[in-house]
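Data first, discussion second: the structure below is written as structure tokens.
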Amino acid sequence: MQVVKEEVVELTLVSSHSTSREATTSEQIPCGIVDGVTVRNRLPWLADLYDGLFLEMAQSISAEKVSSMSDPRFGMVLNVQRDTERYECHVDSNPIAALLYCTSHHIGDGGELAVSNRGDVRSVAEIDADCSIVEPRAGHLVLFDARRHSHYVRRLTTDGAKRVVVAMNYYTTSSPELAVRPPDLNRHLIGVD
């Protein structure tokens, strides 16, 4: 957690980008991020897992060749929610998303990942109408196809709460990074292409 304390950058995500699934295009959602370059430099053991064991695990659930993301800024990042923040309702461009939870949250504390059971829907309310819930438990790794199921992180319920997850992107032969990552996504996440 020292890396989060020292390196987190506070952002406001605006839901006007191509992968957003918020109900409006003007939703503003505060969050924190530690970019992938910083994560690689400060936590080299985590980079080894991303490029090694976790990549092997992603490969084990795919019939196609799986690869790590080539852009080190976004391959693996730390997403941070604080106080009563949530994370944006969206889909991912990559076929395999991996989430490694760094914090645990009890039922009712918020911070749960809500994933639509009806596929690609367009709001938090539509996700909540029929979803699967993943409760954050430190040390748990979740892999899923984040392109086809809208998802978001539920609002934390307590001032002073903090949710930290390592978000990792993997691509496949039929969905290579350069072909499927929308040009506006990097700008949305950190303000640069």
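Criterion first (aromatic (Phe, Trp, Tyr) and touching a helix residue (DSSP H, G or I) at 6+ places or on another chain (Cβ under 8 Å)) does residue 54 satisfy it? Spell out how you get there, then give the answer.
Numbers: aromatic (Phe, Trp, Tyr): yes; touching a helix residue (DSSP H, G or I) at 6+ places or on another chain (Cβ under 8 Å): no.
Spelling it out, it is not the case that residue 54 is aromatic (Phe, Trp, Tyr) and touching a helix residue (DSSP H, G or I) at 6+ places or on another chain (Cβ under 8 Å).
Quick one: is residue 87 in contact with a Lys or Arg (Cβ under 8 Å, 6 or more places away or on another chain) and of a type in the set (Phe, Trp, Tyr)?
No: the conditions fail for residue 87.
Identify, from the list 132, 116, 150, the residue that is of a type outside the set (Asp, Glu), within 17 Å of the chain's Cα centre (by Cα) and open to solvent by 30 Å² or more (accessible area, probe 1.4 Å).
The conditions single out 132.
Within the stretch 158-193, track down each residue that is hydroxyl-bearing (Ser, Thr, Tyr) and surrounded by 14 or more Cβ atoms within 10 Å (Cβ to Cβ).
170, 171, 172, 175, listed by residue number.
Give me a count of the residues in the stretch 36-67 that are closer than 23 Å to residue 153 by Cβ, of a type outside the set (Phe, Trp, Tyr) and in contact (Cβ under 8 Å) with a residue 60 or more places away in the chain.
Matching residues across the stretch 36-67 total 5.
Out of the residues in the stretch 93-112 that are of a type outside the set (Ser, Thr, Tyr), touching a Leu at 6+ places or on another chain (Cβ under 9 Å) and part of a loop (DSSP other than H, G, I, E, B), state the one that is surrounded by the fewest Cβ atoms within 10 Å (Cβ to Cβ).
Taking the stretch 93-112 as the starting set, the residues that turn out to be of a type outside the set (Ser, Thr, Tyr) are 94-100, 102, 105-112.
Narrowing the set further to residues that are touching a Leu at 6+ places or on another chain (Cβ under 9 Å) leaves 96-100, 102, 105, 109-111.
Cutting the leftovers down to part of a loop (DSSP other than H, G, I, E, B) gives us 102, 105, 109-111.
Numbers: 102: 20, 105: 22, 109: 17, 110: 20, 111: 26.
Per the criteria, the residue is 109.
Please tell me if residue 14 is of a type in the set (A, V, I, L, M), at pLDDT below 95 and out of contact with any Cys (no Cβ under 6 Å at 6 or more places or on another chain).
Taking the combined requirement at face value, the residue satisfies it.
Out of all the residues in the stretch 39-76, which are among the β-branched types (Val, Ile, Thr) and over 14 Å from residue 167 (Cα atoms)?
61, 66
The values are calculated or read from the model by the stated rules, or taken from the named source; none is laboratory data. Bear in mind the structure is a predicted one, so any value in this text is a computation, not a measurement. Note that we place each Cβ from the backbone using ideal geometry, even for glycine, and neighbour counts take in every protein chain shown. Accessible surface is based on the protein model in full, side chains and every heavy atom, while ligands, DNA and RNA are left aside. Shrake-Rupley method; radii C 1.70, N 1.55, O 1.52, S 1.80 Å.
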